[in-house]
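Below is one structure; the comments refer to it alone.
The values are calculated or read from the model by the stated rules, or taken from the named source; none is laboratory data. Just so it is clear, the structure is predicted and the values come from calculations on it, not from any experiment. Note: ideal-geometry Cβ built from the backbone for every residue, glycine included; neighbour counts use all protein chains shown. Side chains are part of the model used for accessible areas, which takes the heavy atoms of the whole protein and leaves out ligands, DNA and RNA. Shrake-Rupley method; radii C 1.70, N 1.55, O 1.52, S 1.80 Å.
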Amino acid sequence: MFDMPNATAYVKQVSHFPRIAMTLSEKQAWGALAAGTLVFAYVCANTFEGWAIPDQSARSLWRTWLFAIGAAIVLDLALTAWAQRERARGALTDERDETILRRADSIGFGAMVAGVQVVMWQFLWGRSVDAHPLIPRFDPTHAPTLFLMLFAIVWVGYFARQAAVIVLGRL
Amino acid sequence: VNPPAKGHVTNVIRALRTERGLTQQELADVVGATRQTIIAVEAEKYAPSLELAFRIARALERPFEAVFSFKP
């Protein structure tokens, strides 16, 4: 016969994962991930119209750039100030933090380099007449497109770095 | 003179910890580290700092050389 209390205890037992406390650098990485994504979302919202990237005046691109950079600096300063306060309060740190941050920096840099290669391919594909039509092609000579691509490269590198801090801290 | 080949630090933390009935989190709390660090040290994926290694040996009430060994 099906024994309900035993079944509940069994499910509780197999579904129990010991809680792993978040270190300060992991919390900081989550915050930076959210802040960076917010800024990039703002840039996307000011660049896309549906799935297309329409023409924009230089003045409009300047405004987007200034606001995005300003917001990124303010969010980063706020995050750093919060982290300093938490550190002073004795927040949990990991002895491996320095090693993790070094590896994460290298991963983030690698992601940015890969992003630059993608932009280069776009230039080459744009000029090659026999490129397959299924290969996605952007027009890097179009200012708003190039603007978005460069922001995307920075965001991918930043995202990869923060994600690496979170993942490496859990390994 | 050829430089020595990179060695490997091994340990018996897991065996000693379970022998004493400690969880990874409890050992981490005693030595002031995170559970993730204890997991990495036990799996020999990370060689702890000298200070943490001494703390772990003390928490397990064993001499340092009974917990850690070095394979050149």
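Has the stretch A:94-105 got at least one residue that is out of contact with any Lys or Arg (no Cβ under 8 Å at 6 or more places or on another chain), in contact (Cβ under 8 Å) with a residue 60 or more places away in the chain, open to solvent by 90 Å² or more (accessible area, probe 1.4 Å) and under 30 Å from B:Gln25 (Cα atoms)? Scanning the stretch A:94-105, I find at least one residue that is out of contact with any Lys or Arg (no Cβ under 8 Å at 6 or more places or on another chain), in contact (Cβ under 8 Å) with a residue 60 or more places away in the chain, open to solvent by 90 Å² or more (accessible area, probe 1.4 Å) and under 30 Å from B:Gln25 (Cα atoms), so the answer is yes.
Restricting attention to the stretch B:16-72, the residues that are closer than 30 Å to B:Ala5 by Cα, open to solvent by 70 Å² or more (accessible area, probe 1.4 Å) and in a loop (DSSP other than H, G, I, E, B) add up to 4.
Filtering the stretch B:6-15 to residues that are aliphatic (A, V, I, L, M) and either in a strand (DSSP E or B) or in contact with a Gly (Cβ under 7 Å, 6 or more places away or on another chain) (or both) leaves only B:Val9.
The set of residues in the stretch A:72-93 that are within 14 Å of another protein chain (Cβ to nearest Cβ) and without any contact (Cβ under 8 Å) to a residue 60 or more places away in the chain contains only A:Gly90.
Among the conditions (1) within 14 Å of another protein chain (Cβ to nearest Cβ); (2) open to solvent by 60 Å² or more (accessible area, probe 1.4 Å); (3) without any contact (Cβ under 8 Å) to a residue 40 or more places away in the chain, the only one that A:Pro133 does not satisfy is (1). Any residue that is farther than 22 Å from A:Pro54 by Cβ and not in a helix (DSSP H, G or I) - is there at least one of those in the stretch A:143-165? Within the stretch A:143-165, not a single residue is farther than 22 Å from A:Pro54 by Cβ and not in a helix (DSSP H, G or I).
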